[in-house]
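The values are calculated or read from the model by the stated rules, or taken from the named source; none is laboratory data. Everything numeric in this text was worked out from a predicted model, so none of it was measured. Because the Cβ atoms are built from the backbone with ideal geometry, glycine has one as well, and the counts that use them run over all protein chains shown. We work out accessible area using only protein heavy atoms, side chains counted, and drop any ligands, DNA or RNA first. Shrake-Rupley method; radii C 1.70, N 1.55, O 1.52, S 1.80 Å.
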Amino acid sequence: MTACLIHISDLHRGTREAPALDDALVALCEELRPEAVIASGDLANRGRSTEFEAAKALLDRLPAPTLVVPGNHDLPYRFPTRFTSPWDRFTDVFATTDPVLRTDHAVICGLNSARPWRHQGGRLGPSRLAAAAAVLRDAPPNALRVVALHHHLSGAPWRASRKFPLKDRDKALRSLASAGADLVLGGHIHQSTAVGRQAFEALDDNRVSLVLATAPGFGRPRPHRLGEANGLHVVRWTNHDLVIEARIWQEAEFDLASEYRVQRHVHADLQG
Ligand SMILES: [Fe+2]
Ligand SMILES: [Fe+2]
């Protein structure tokens, strides 16, 4: 069995229209038939209902279930709405800010890391981490345990001066890892990266693989800026390995730019 997810992030609807990318995403989903498509925040650019509806219209074209979490650009820019009803427009369209999706071979836990009082930064409080741990611990032994949030836990060393990673990311990582997370998905910085935890942290048990994957931006709201290659990630896994493909938009299609592979051990093996 090889299972597949598609991870997109930072659509930033309300900025530049790119119908060719939208059409290519639909075609890729029809070709790969992913178990789910995950959109990890910044669906809108200024938290407007029309922007959410435009993002939903694209997701509704995809032949797969979708899971959507909000980002900092999904908060209203207006005061006092940003503080009095920060998520009403988002939940009017996407129902919840912290969704859970169970597919044939994965359990995907979406977490809202955006906060009204932070412009760029993000955080996961203890209650959200505890809720995620409960979902992950309840997953079937062979399921890929996925967490999706907007703010990145790891990022490319490029234009990183203002876009900080998730606050207290080491604590969040430890909490999610101890709950059995296999894969943590983020976005926010509009740059692709993927890394296995055992590649940067000494662990007692190197069989426990947890991959951090930050998607490139699907949208490109600031085309005058260099360095924002746009595209998406394809996640493929078996009981033996997990692969993150970075597919970058090149003229007319999402070309394979890089592939990150880690060995994986299913939780049933680890318990045995
Ligand atoms: Fe963004
Ligand atoms: Fe963002």
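A quick yes/no check of all residues on (1) farther than 18 Å from His12 by Cβ; (2) part of a loop (DSSP other than H, G, I, E, B); (3) within 16 Å of ligand 1 (Cβ to nearest atom):
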residue: Pro141; (1), (2), (3): yes, yes, no
residue: Val147; (1), (2), (3): yes, no, no
residue: His151; (1), (2), (3): no, yes, yes
residue: Pro157; (1), (2), (3): yes, yes, no
residue: Lys163; (1), (2), (3): no, yes, yes
residue: Ala172; (1), (2), (3): yes, no, no
residue: Ala177; (1), (2), (3): yes, no, no
residue: Gly180; (1), (2), (3): yes, yes, no
residue: Gln191; (1), (2), (3): no, yes, yes
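Return the residues of region 180-195 that are of a type outside the set (Val, Ile, Thr) and surrounded by fewer than 23 Cβ atoms within 10 Å (Cβ to Cβ); say none if nothing qualifies. Matches in region 180-195: Gly180 only.
The residue list Gly47, Gly71 contains one member that is within 16 Å of ligand 1 (Cβ to nearest atom), open to solvent by less than 50 Å² (accessible area, probe 1.4 Å) and touching a Pro at 6+ places or on another chain (Cβ under 6 Å), which is Gly47.
Checking each residue in region 156-179 for being small (Gly, Ala, Ser) and either buried (at least 23 other Cβ atoms within 10 Å of the Cβ) or farther than 22 Å from Ala202 by Cβ (or both) picks out Ala156, Ala160, Ser161, Ala172. Applying the condition of being in contact with a strand residue (DSSP E or B) (Cβ under 9 Å, 6 or more places away or on another chain) and open to solvent by less than 30 Å² (accessible area, probe 1.4 Å) to region 74-90 and asking which residue is farthest from ligand 1 (Cβ to nearest atom) yields Pro86. The condition (being at positive phi and modelled with pLDDT of 95 or more) is satisfied by just one residue among Gly47, Gly71: Gly47. Exactly one residue out of Ala55, Ala24, Ala36 is open to solvent by 10 Å² or more (accessible area, probe 1.4 Å) and among the hydrophobic types (A, V, I, L, M, F, W, C): that is Ala24.
Entry remark, region 120-139: residues being of a type in the set (Gly, Ala, Ser) and part of a loop (DSSP other than H, G, I, E, B) number 3 in total.
Note on region 229-254: residues that are over 15 Å from Ala106 (Cβ atoms) and assigned to a loop (DSSP other than H, G, I, E, B) amount to 5.
Apart from one condition, Arg61 fits all of (1) under 17 Å from Phe218 (Cα atoms); (2) open to solvent by less than 30 Å² (accessible area, probe 1.4 Å); (3) more than 15 Å from ligand 2 (Cβ to nearest atom); (4) of a type outside the set (Gly, Ala, Ser); the exception is (2).
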